[in-house]
Amino acid sequence: MKWIKRLLYLLIFLAIAYFAVPRFLPYLNDYQKDGELKLPGLEKSVTIKRDEKAMAYIYAENLHDAIMAQGFVTAQDRLFQMQLTRLFAQGRISELAGEKARALDTRMRTFGLHGIAKKQAAVLNRETRDFFQWYVDGVNAFIKECPKDAHLEFKLAGIKPELWTVADSLSVLYYMGFSTSANIQTEIVAQMLIEAVGPDKAMEIMPININPDDPTDPKKSAPHASAVPYGFPLSNYEKLFAVASDRHLRVGSNNWAVSPALSAGGKPVLAGDPHLDTRILPGVWYPFGMITPEIRVVGANIPGLPGFAMGRTSYISVSMTNNYGDMQDLYVETVHPTRPDHYLEGKVSHPFQVVEEKLKIKDKEAPGGYRVEVIKIRSTKRGPVVSEVLKGLETDKVITLRWAPVESMGDSIGIFRFLTAKSVDEMHKALEDVPMLCLNWVFADTSGNIGYRASGKIPIRSNNDGTVPYRVVDGNDNWKGWIPQSRMPHSTNPGKGWLGTCNHKVVSNDYPYYYSSHFSPSYRYRRLMELLNSPGPKSIDDHWQYQRDEKNLLAEKIAPIMAKALLAHKDTEEMGELLSGWNFMDRPDLAAPTIFQATYLAFARLVFEDELGEKATDTFLGNWYFWQERLQKMVLSGSSDWFDNVNTGERSETLNDLFHQAALKAKAQLSEKFGNDPRKWLWGKAHTLELVSPLRRKGPGKGLLGSGQMPMGGSGETLYRGLYDPNDPFSVTVSASLRMVADMSDDEKVAAVLPGGITGRLFSPHHKDQVQSFMDGTKRYWWFSDKAIDAHTEHTLQLNP
């Protein structure tokens, strides 16, 4: 009966919330936005102005006070979100979720991001450490001085705010870095394929990575045979893939900048839309403004980090995408046959390093509501043993993970020099000093220059490859130094008048180093090329629309072939007609995108599942970047041994056979869900985005506290990104986490919108007030000039020393 009462109370609470939110509930979870407040640690008074979105604009007399105030206002709006991010990065989610989060916490403790952050904190120079400390002081000032303004979410979750440290902020930074180091997924899938079908057959479906700017690109990537480790059971690699799949900050993105010659305003324009899993309100990014006598900036950063990563100042604008440079390697180690606490490098034996970690797990049966469990984490000289975070590994070999930022950290972090950079050249210099983030940065300055640089430090590998796990056979290190910063991808003022990145391969065919084997397919970047190479200057409205462009270049290649195959059969003729009349726009009011996506996914499964098996195919297809360009090449060639189903005896299936079979599977699935009329299988019915509260992700009240399901256009192949899990289509999992267009000729404002709102406080009118604009394309703005800020100020708070 207890659960019935609890459910009844919840329903009553939600019913009250539904009718009372506009009038009463915001006051239950509010904070001081007007008047004066004493903030110990400030050197001089600071003014916080908030606009119609509740975005804070910080007016301070010096950088110390400005950064401290940034920490304060971020804590006002996002402290609970910061706490969740900290718990995740440090492997402490089981303190909230109990036993079900134990495996996740064990993985995160094994990765050791918090320990890495502590080491980084210890070696920072004075300038960089002060920068972090000022921010931390502001966060802690809110916690100490404003207990009545604490987020309601803390009470609902049954926890209390914790003071922040420099290491906590660095944990967030290194969590970002680790989450963007995605080549581990390619290594695991590649090894899985080798174990499933053998090295030669696996080579036929290894990734094809294309740089569309390089006509000499061989358009292939294959591991060296010497790197392939044998004798490790396939089932273990399927389980090992869980290590790679637990990435809540999976980063995609588009960014570009155009020169004054292509800009309607006569100065550069920069656009960016980072693609993340943004389904948790209020969103990943926290926007703010900061004005001092030396600095003027409007931008955004991840809550918990000082400064800004995306936005504009009086001199520069900047945005980023994931570069996918390979900063991770997996190693196959050998345990000593008679000394299990040692591992072998050839004939030389070394002891495992062992660290004990204590997990605090929520448990209502334990004294105090928590139980403590000690786990042991083993490491070799290369890194932690990641195979031990999973069960069922019965082998004399273990897998370790090596991550470059552990070995490349220095005493400064260049991203925080964005605030003071005054030119493209200074941005290049700052980005040479960001070893933990392998990102594509595009930037522009008010003098008319545009630039691009990849950050991060990537190891030089002796075997010139990192596609598969490396087998340790002796004490020799396969990392032989670092790619020089002068050879990292970069550009300034290219002749075509623009530059941009869409997570695609950015190095040329003659690049002297192995860079990565994991890149996005080229579809989004090719579409960007079409748009930006079109004649004439581009307006802000043009750039804003480009971020929402729904043209699918994969479909443009494949759909006509698919349509022809479907038109040849009466039972798929209507589907073929819809495809043949399609303009390849993934619009929510069209049925053709639904037919194409459903049929192509079913087709991909038919191509590979007969030889890989169901589980391995799930893993393979779950990594879009691995197979999309490869399968397209197979389709365009018209034939492949992979098209033949090995289970059908003497019969040999063709491309058209598989497309027809796939269409019948798609037809059955779509008819069951949307009815028998293919014209009503609208993409917006199948392809939806739903934003939810971190406190109510499922069950009653999810829709009330979140957005409900919203029809969405685009797909994984379009600039208007709407990526979904191919093993659980078609709900959107990755989309733009922020859209921004900065015109360096506009001193009043920057166009920007979030898929949520400024504040993370439940019931606040600014928790999800930008969602509608985000979905329908309405421009919102970050105000840049004093005049514009004053005209939109709705609240003013003065912070005094």
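Its Kirkwood hydrodynamic radius, worked out from the mean inverse distance over all distinct Cα pairs, puts segment 693-759 at 14.5 Å.
Its relative contact order, with pairs defined as Cα atoms under 8 Å and 6+ residues apart, puts the chain at 19 percent. Projected onto its three principal axes, the C-alpha set of segment 109-210 covers 65, 39, 28 Å, listed from the longest axis down.
Work out the FRET efficiency for Asn727 and Lys381 from their Cβ-Cβ distance, taking R0 = 41 Å, and round it to the nearest 0.05. Each step should come with its number before you reach the end.
Values: r = 37 Å, r/R0 = 0.89.
That pair, Asn727 with Lys381, gives E of 0.65.
A 1.4 Å probe, protein heavy atoms only, puts the accessible area of Thr216 near 90 Å².
Arrange the residues His342, His766 by how much accessible surface each exposes, largest first, with a 1.4 angstrom probe.
Order by accessible area, largest first: His766, His342.
Relative to the current alpha-carbon distance between Ala791 and Thr420, full extension at 0.36 nm per residue lengthens the span by 130.9 nm. Shown in residue order for segment 209-214 are the 3J(HN,Hα) couplings computed by the Karplus curve 6.51 cos²θ - 1.76 cosθ + 1.60 at θ = phi - 60°: 10, 10, 9, x, 7, 10 Hz (x for Gly and Pro). If you look at the Cα atoms of segment 325-467, you get an Rg and a Dmax of 21.8, 67 Å.
For segment 281-398, compute Rg over Rh where Rg is the Cα radius of gyration and Rh is the Kirkwood radius from the inverse mean 1/r over Cα pairs.
In segment 281-398, Rg relative to Rh is 1.20.
For Trp479, the residues whose amide H sits under 5 Å from its own are Ser462, ignoring neighbours fewer than 5 places away on the same chain, with H placed 1.01 Å from N. Excluding ligands, DNA and RNA, the accessible surface per residue across the chain is 38 Å² with a 1.4 Å probe. Rounded to the nearest 5, the antiparallel percentage of DSSP beta bridges internal to the chain is 90%.
Using heavy atoms of the protein chains and a probe of 1.4 Å, the accessible area assigned to Ser412 is about 20 Å².
Using the alpha-carbon positions of segment 582-667, Rg (one decimal) and Dmax (whole number) come out as 13.4, 43 Å.
Please work out whether segment 471-599 counts as rounded, prolate or oblate from its C-alpha gyration tensor, where a ≥ b ≥ c are the square roots of the eigenvalues and a/c under 1.5 means rounded, while otherwise a/b larger than b/c means prolate and anything else oblate? Because a/c hits 1.5 or more and a/b fails to exceed b/c, segment 471-599 counts as oblate.
Note that segment 669-801 shows a convex hull volume over its alpha carbon atoms of 175 Å³ per residue.
What FRET efficiency comes out for the pair Asn509/Glu145, r = Cβ-Cβ distance, R0 = 56 Å, nearest 0.05? Calculated transfer efficiency: 0.45.
Translational diffusion coefficient of segment 516-588 at 37 °C, 0.692 mPa s, Stokes-Einstein with Kirkwood Rh over Cα pairs, in µm²/s as a whole number.
It comes out at roughly 228 µm²/s.
Scanning residues 5 or more positions from Tyr370 or on other chains, those with amide H under 5 Å from its amide H are Asp363, with H placed 1.01 Å from N in the peptide plane.
Could you list the residues of segment 406-441 with an amide nitrogen less than 11 Å from a label point located 7 Å from the Cα of Asn125 in the Cα-to-C-beta direction? Backbone N within reach: 411-414.
Each residue, Lys564 and Ser45, gets one label point 7 Å from its Cα in the Cβ direction; the gap between the two is 7.6 nm. When a 1.4 Å probe is rolled over the protein heavy atoms, the share of accessible surface on the chain that falls to carbon and sulfur comes to 51 percent. Of Arg102, Arg548, the residue with the largest accessible area leads and the full order is Arg102, Arg548 (1.4 Å probe). According to the calculation over all Cα-Cα pairs in segment 450-537, the P(r) per 10 Å bin from zero is 14, 39, 28, 13, 5, 1 %.
Taking a point 7 Å out from the Cα of Leu96 in the direction of its Cβ, the residues of segment 259-288 whose backbone N falls within less than 17 Å of it are 277-286.
Here's how it looks for Thr733: its modeled amide H is under 5 Å from those of Leu723, Tyr724, Asp725, which are all 5 or more places away or on a different chain.
In terms of its C-alpha gyration tensor, the chain comes out rounded, because the ratio a/c of the largest to the smallest axis stays below 1.5.
The values are calculated or read from the model by the stated rules, or taken from the named source; none is laboratory data. Fair warning: this is a prediction, and the values are worked out from it, not measured in the lab. We place every Cβ from the backbone using ideal geometry, glycine too, and count neighbours over all the protein chains shown. Areas reflect the complete protein model, heavy atoms only, side chains present, ligands, DNA and RNA absent. Shrake-Rupley method; radii C 1.70, N 1.55, O 1.52, S 1.80 Å.
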